[in-house]
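Undergrad: Here's a structure for you.
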């Protein structure tokens with residue numbers, strides 16, 4: 001008969017040891033999985049492009065499909081018309097989409113910019129040639145959490161010709 005006060009401390013509980021070991025294995029597996037995703041580049045910025053064509057105009061938007069706070073995020077618009085442009089170009093962009101970003105500005109700068117609460121309207125002087133390219137230099141705000149839906153509408157002479165929709169997802 002063992003009357004020692006340390007008898008229980010010396011003799012481990014087999015069920016408790018197995019439970020702790022299983023917990024450690026799960027945690028290590030999760031950590032290995034996250035490190036593997038990072039090593040494969042799957043936790044960084046992933047971009048996509050959406051395109052729509054109407055009335056001879058092609059609107060293409062390249063955007064960050066998956067991003068993380070603090071990282072640069074691509075956002076570019078290409079408008080193509082094989083016969084060139086006879087009017088100014090106006091792009092209507094979902095205003096809440098831009099709330100994800102800290103902006104460094106547009107290139108080229110719009111000649112006029114207005115908003116109606118739902119959309120930001122960017123007007124650009126009639127471009128020469130058959131292509132108009134717009135870049136938005138921005139990075140995802142550190143406080144951004146989930147992501148946002150966006151839409152770009154192409155307007156020529158005040159008339160909407162086409163539009164594209166997209167979504168940016170944010171990873172922690």
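Undergrad: Using per-residue counts of other Cβ atoms within 10 Å, averaged over each peptide, order 90-96, 20-26 from highest down.
TA: Result, highest mean Cβ count within 10 Å first: 90-96, 20-26.
Undergrad: For the range 110-132 and the range 144-172, what is the separation of their Cα centres, given in Å?
TA: Between the Cα centres of the range 110-132 and the range 144-172 lies a distance of 14 Å.
Undergrad: What distance in nm lies between label points placed 7 Å from Cα along the C-beta direction at residue 157 and residue 58?
TA: Each label point lies 7 Å from its Cα, and together they span 2.3 nm.
Undergrad: R0 = 22 Å: FRET efficiency of residue 137 with residue 167, Cβ-based, nearest 0.05?
TA: 0.60
Undergrad: Once both labels are modelled 7 Å past Cα along the beta-carbon direction, what's the residue 99-residue 43 spacing in nm?
TA: With each label placed 7 Å out from Cα toward Cβ, I get 2.8 nm.
Undergrad: Show that you can apply the helix-only estimate: for the chain, add -39,500 (n - 2.57) for every DSSP H stretch of four or more residues, divide by all residues, and state [θ] at 222 nm to the nearest 500.
TA: When only DSSP H runs of four or more count, the value is -5500 deg cm²/dmol.
Undergrad: Taking every pair of Cα atoms in the chain, average 1/r, invert it to obtain the Kirkwood radius, and report Rg/Rh to two decimals.
TA: Using Cα coordinates only, the ratio equals 1.36.
Undergrad: Return the equivalent ellipsoid semi-axes of the range 84-172 as a descending list in whole Å, where each equals the square root of 5 times an eigenvalue of the C-alpha gyration tensor.
TA: Here the semi-axes work out to 25, 14, 12 Å.
Undergrad: Eigenvalues of the Cα gyration tensor times 5, then square-rooted: what semi-axes does that give for the range 23-113, in whole angstrom, largest first?
TA: 39, 16, 10
Undergrad: If contacts are Cα pairs under 8 angstrom and at least 6 residues apart, what is the relative contact order of the range 81-172 in percent?
TA: 36
Undergrad: Using 0.36 nm times the number of residues separating residue 76 and residue 35, minus their current alpha carbon distance, what extension gain do you get?
TA: Extra length available between residue 76 and residue 35 comes to 11.7 nm.
Undergrad: How much length, in nm to one decimal, is gained on full extension between residue 19 and residue 115, taken as 0.36 nm per residue of separation minus their Cα-Cα distance? Please list the in-between numbers first.
TA: On the way: separation 96, 0.36 × 96 = 34.56 nm, distance 5.84 nm.
Gain on stretching residue 19 to residue 115: 28.7 nm.
Undergrad: Another question, then. Quick check: the angle from helix 14-39's long axis to the longest principal axis of the chain, C-alpha only, nearest 10 degrees?
TA: For 14-39 against the chain, the angle is about 20 degrees.
Since every read-out is calculated from the coordinates, none of them should be taken as a lab result. Everything numeric in this text was worked out from a predicted model, so none of it was measured. Please note: Cβ atoms are built from the backbone with ideal geometry, for glycine as well, and neighbour counts cover all protein chains shown.
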